[in-house]
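Colleague: Below is one structure. I have some questions about it.
Any read-out appearing in this document is the output of simple, stated calculations on the displayed coordinates, not a laboratory observation. These numbers come from a predicted model, not from an experiment. Cβ atoms come from the backbone with ideal geometry, glycine included; neighbour counts cover every protein chain shown.
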Amino acid sequence: MLEDINDEKLKDLELKAVEARELVIEALLEAGSGHSAGPLGMADIFIAMYFHVLNHDPKNPTWADRDRLVLSNGHICPIQYVALAMSGYFPVEELKTLRKFGSRLQGHPHRGALPGIETTSGPLGEGISQSIGMALAGKLDKKNYHVYCLTSDGEHQEGNTWEAIMAAAKYKLDNLIVVIDRNNIQIDGYTENVMPLDYLTAKYESFNWFVQEVDGHNIRAFNTAVNQAKAVHQKPSVIIAHTIPGKGVDFMENLPEWHGKPPGKEEADKALNELRTLQGKIEKGV
Amino acid sequence: MLNPNLKLNENMFAEKPEVDATRTGFGKGLVALGDSDPNVVALCADLTESTKVEEFAKKYPDRYFEAGVAEQNMAAMAAGLGVSGKVAFIASYATFSPGKNWETIRTTVAYNNSNVKIAGHHSGLMTGPDGATHQATEDIASVRVWPNIQVVVPCDSIEAEKATVAAGKITTPVYLRFSRDKSPIMTTKDTPYDGKIQEFWTTDNPQVVIFGTGWLLYQALLAAKELEEEKINVVVANVASIKPLDQEKVVELAKKTGAVITVEDHQAAGGLGGAIAEVLAKNLPTPMEFIGLQDTFGETGTPLELIKKFKMDKDAIISAVKKAIERKTA
């Protein structure tokens, strides 16, 4: 079971999440291409994962008993790279090489390129399947690790995702926890216009999963949900995290147009100002 | 004459030669691997009997994962197992895996360099009565262009068993191609298997070299035998490993003969013929004839009816040899 998050710890995690958003903006500005909305929207969850939930050792990324985190929607990798760097897998300065020639920070995550990347991902709908493979291996090897698969809502339009959802239930993988970034946007617009996904809860329940819905920006609630999921036996778990795409940067929030593009210089400055103000507020406790 | 150094099956030209299916060899090899390595696991997409995963699944139920009719999920589950210390075999018909799940394998197995072996069954016209929907005739072409992956096409059930065991002993991805029907056994347990091109039929002063892969190699050997009676001397070389390809041997035999035929139960474009042509174009441009499907799909029929119709049988190979000889002397 995970420890409860006390007020002091919560403040620390929230500050880290703001810092992570700033690093995302800086890396994207430097890269000149990449996705903005998803990484900002998932910052709270990634910080919760790498600084509280995961049983991992950044100095020993191939430790056999580690929890695995698979990012299925690989295009939001800037936030994973930021969380990996902040937690000590590689130097934070390296974030500025994102998407550049010769960088270990490939445009989409690639196993072997960077410590802490468990598997190659990016083409949508393949992460849950790969996570199932890791969870099955954990059962075969009688290991106690958990596999966390972070996915998007949009990739639930892929048939492969539903193939995986069937298989995870069949194999009763209670060491698998899927987290869906339910931010309602994808490249072409709002998910419910592009190809409706509602109601994911009912869909997962009918596939025999343990389903929870949380506010994806409430780290304490997310932690509780993970604890609930870990307590479930003989079923895989899904946490549908309702998030605001572009969270923390007012002019990006909830707009599909920010799904797949980076900020320009002025936009980045504006975003960083806003985030620094937010940081000050959290520090002062207002 | 049959190469005496390779300990081939001397009875292969009997009226009723011993036959077996390459998929049977796969099934035996998989069980042998399961016996020797506890990390070997297998997945199948609702075709355990016809892909011969059945024996492994019965003997090692804890290490067998039925994927249902869901080839993309099967491939990516195997990729997850493969990056977690397992040696994961996936089996289905080649039209579906690596056909339907091509990009899944490209990303999660090949690029990811995960320890997954893809067993593609029911390849080629040999799939016969099922018709063109189930006859994989583009699979070699579509997977050999992936970096990190090896591509192996065994010529008979004995070689299939050896190839399966060899694939399970390396940690990188391998595509293994199998056929449905029984076909003549050309090798023996004592025939060496090392991934190199082997001259099954040798002769002094050969005029043409025939590179063959898979069960159709037998048609090439029948052709060589008949051509010998006409005083036309050829070499018949077995290419089990299309990737990596034994390039030195390709060039050596092309140099020795000056004319090349390729024989495969696959599209003539992009498979074995394509691979050999790439090597020769770079090193030693040589007249070539390509035996295979000529940009057309197959149809329903017995394998022998189909290879006759599509000009991939012994007689077609003999014609190709004669044409190649004319081309090089023209």
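Colleague: Quickly run through the range A:73-115 and pick out the residues that are within 14 Å of chain B (Cβ to nearest Cβ) and farther than 23 Å from B:Ser84 by Cα.
Modeller: Correct list: A:His75, A:Gly107.
Colleague: Shifting gears a bit: Quick one: which of A:Glu163, A:Glu118, A:Glu126 is within 10 Å of chain B (Cβ to nearest Cβ) and touching a Lys or Arg at 6+ places or on another chain (Cβ under 7 Å)?
Modeller: A:Glu118
Colleague: Okay, moving on. I'd like to know if the range B:62-75 contains one or more residues that are more than 23 Å from A:Asp67 (Cβ to Cβ) and within 20 Å of the chain's Cα centre (by Cα).
Modeller: no
Colleague: Here are some residues: B:Gly258, B:Gly274. Which one is on the phi > 0 side of the Ramachandran plot and touching a residue at least 60 places away in the same chain (Cβ under 8 Å)?
Modeller: Criteria check complete, one pass: B:Gly258.
Colleague: Are any residues in the range B:287-314 more than 20 Å from B:His134 (Cβ to Cβ), in contact (Cβ under 8 Å) with a residue 40 or more places away in the chain and not aliphatic (A, V, I, L, M), and if so, which ones?
Modeller: If the condition is that a residue be more than 20 Å from B:His134 (Cβ to Cβ), in contact (Cβ under 8 Å) with a residue 40 or more places away in the chain and not aliphatic (A, V, I, L, M), then B:Pro287, B:Asp313, B:Lys314 are the ones that fit.
Colleague: Considering only the range B:88-104, state which residues are buried (at least 24 other Cβ atoms within 10 Å of the Cβ), more than 10 Å from chain A (Cβ to nearest Cβ) and of a type outside the set (Gly, Ala, Ser).
Modeller: Matches in the range B:88-104: B:Phe89, B:Ile90, B:Tyr93, B:Pro98.
Colleague: In the range B:35-61, what residues are within 14 Å of chain A (Cβ to nearest Cβ), closer than 21 Å to A:Ser129 by Cβ and touching a helix residue (DSSP H, G or I) at 6+ places or on another chain (Cβ under 7 Å)?
Modeller: Once the filter is applied, which keeps residues that are within 14 Å of chain A (Cβ to nearest Cβ), closer than 21 Å to A:Ser129 by Cβ and touching a helix residue (DSSP H, G or I) at 6+ places or on another chain (Cβ under 7 Å), the range B:35-61 yields B:Val40, B:Val41, B:Ala42, B:Leu43, B:Cys44, B:Ala45.
Colleague: Being surrounded by 18 or more Cβ atoms within 10 Å (Cβ to Cβ) and among the basic types (Lys, Arg) is the filter here; which residues of the range A:243-270 pass it?
Modeller: Selection gives A:Lys247 alone.
Colleague: On to the next question. Being within 18 Å of A:Gly260 (Cβ to Cβ) and either basic (Lys, Arg) or surrounded by fewer than 24 Cβ atoms within 10 Å (Cβ to Cβ) (or both) is true for just one of A:Leu71, A:Leu124. Which residue is that?
Modeller: On inspection, the qualifying residue turns out to be A:Leu124.
Colleague: Another question about this same structure. Any idea which of B:Thr133, B:Thr172, B:Thr137 is over 20 Å from B:Thr24 (Cα atoms), without any contact (Cβ under 8 Å) to a residue 40 or more places away in the chain and among the β-branched types (Val, Ile, Thr)?
Modeller: B:Thr133
Colleague: Looking only at residues in the range B:128-148 that are surrounded by 23 or more Cβ atoms within 10 Å (Cβ to Cβ) and in contact with a Pro (Cβ under 8 Å, 6 or more places away or on another chain), which one is farthest from the other protein chains (Cβ to nearest Cβ)?
Modeller: Step by step, filter the range B:128-148, then rank; the result is B:Asp139.
A quick yes/no check of all residues on (1) more than 27 Å from A:Pro123 (Cα to Cα); (2) touching a Lys or Arg at 6+ places or on another chain (Cβ under 8 Å); (3) free of Cβ contacts under 8 Å to residues at least 60 places away in the same chain; (4) aromatic (Phe, Trp, Tyr):
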| residue | (1), (2), (3), (4) |
| --- | --- |
| B:Gly34 | yes, yes, yes, no |
| B:Val41 | no, yes, yes, no |
| B:Thr51 | yes, yes, no, no |
| B:Ala57 | yes, no, yes, no |
| B:Arg63 | yes, no, yes, no |
| B:Glu71 | no, yes, yes, no |
| B:Ala76 | no, no, yes, no |
| B:Ala79 | no, no, yes, no |
| B:Val87 | no, yes, no, no |
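Colleague: In the set A:Tyr171, A:Tyr148, A:Tyr190, which member is aromatic (Phe, Trp, Tyr), under 23 Å from A:Lys9 (Cα atoms) and either surrounded by fewer than 20 Cβ atoms within 10 Å (Cβ to Cβ) or within 14 Å of chain B (Cβ to nearest Cβ) (or both)?
Modeller: Answer to the selection: A:Tyr148.
Colleague: Moving on to the next point. Answer yes or no: is there a residue in the range A:92-106 that is crowded, with 23+ Cβ neighbours inside 10 Å, touching a Leu at 6+ places or on another chain (Cβ under 7 Å) and basic (Lys, Arg).
Modeller: no
Colleague: Something else: Do we find that B:Gln219 is touching a residue at least 12 places away in the same chain (Cβ under 8 Å) and over 14 Å from B:Leu2 (Cβ atoms) in this structure?
Modeller: Taking the combined requirement at face value, the residue satisfies it.
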